[in-house]
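Structure record follows, encoded as structure tokens.
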Amino acid sequence: MPHATASWLVDNTALSFDQIAEFCGLHILEVQAIADDTAGTKYTGRDPVRAHEITMEEIHKGEANPDYRLKMLKGPEPVRRTKGPRYTPVSKRQDKPDGIAWILRNHPEISDGAIGKLIGTTRTTIAAIRDRTHWNISNIVSKDPVTLGLCSQRELDALVAKAAKKAGIEAPADSRLDGDREALIEELRRERDDAARRAEEALNSQSELISDVAKVLDPFSDNKGHV
């Protein structure tokens, strides 16, 4: 919500537009448009102090020095489970055998213990799927556990790399999302450029309107009417 944060900083601080733009990741013209109420949407301010993204002391430093670059607070480290099996929501437990089958098929170098911690299952279940003695083996379909929501891509990649290193093989590079990532970056760039262009057009239109009004009201203007 960078625009909402910028709106709050404009209304409640004496920071420069450049400081606000850099902190919020916006173009300075977007901040100018928000300050002049010429942005296409009126944003409801979002307090970054209450959101624990910055302190008032940091804001005061910026107000005292226009060249100072604001520093965003780092969020709290997420709590990580270190022992015990992973908890899996009831709605996803039926997907575990499919995720286990995918790992056994694509990464046989991963140990049963590691699979059990990643998916939150038992060695008995893993062995039954490997030996095709599982009671529901005819309905088990190999599916990526990340797609099923059983683990994150980062966790799976870390486990694959660790197992590959232990087995003395080179971990394969996952390039499945490269095209999507580049397309997303390009789309975000277009949106940012379009927003900056609209903000600049709005500023230019307002400036021209003010100039035209000033000429009409100026008694010494060449456009003054004649009787």
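The values are calculated or read from the model by the stated rules, or taken from the named source; none is laboratory data. A quick note: this is a predicted structure, and the numbers were derived from the prediction, not measured. Neighbour counts run over all protein chains shown; Cβ positions are idealised from the backbone, glycine included. The accessibility values were calculated without ligands, DNA or RNA, using every heavy atom of the protein model including side chains. Shrake-Rupley method; radii C 1.70, N 1.55, O 1.52, S 1.80 Å.
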Among 45, 75, 62, the single one that is in a helix (DSSP H, G or I) and either at pLDDT 90 or above or over 22 Å from residue 197 (Cα atoms) (or both) is 62
Could you tell me whether residue 101 is in a helix (DSSP H, G or I), of a type in the set (A, V, I, L, M, F, W, C) and either over 29 Å from residue 168 (Cβ atoms) or in contact with a Ser or Thr (Cβ under 6 Å, 6 or more places away or on another chain) (or both)?
yes
Of everything in the stretch 120-137 that's modelled with pLDDT of 90 or more and open to solvent by less than 30 Å² (accessible area, probe 1.4 Å), which residue is farthest from residue 155 (Cα to Cα)?
134
Those residues that are farther than 19 Å from residue 57 by Cα and either at pLDDT 90 or above or part of a helix (DSSP H, G or I) (or both), I need them from the stretch 22-40; list them, please.
28, 29, 30, 31, 32, 33, 34, 35
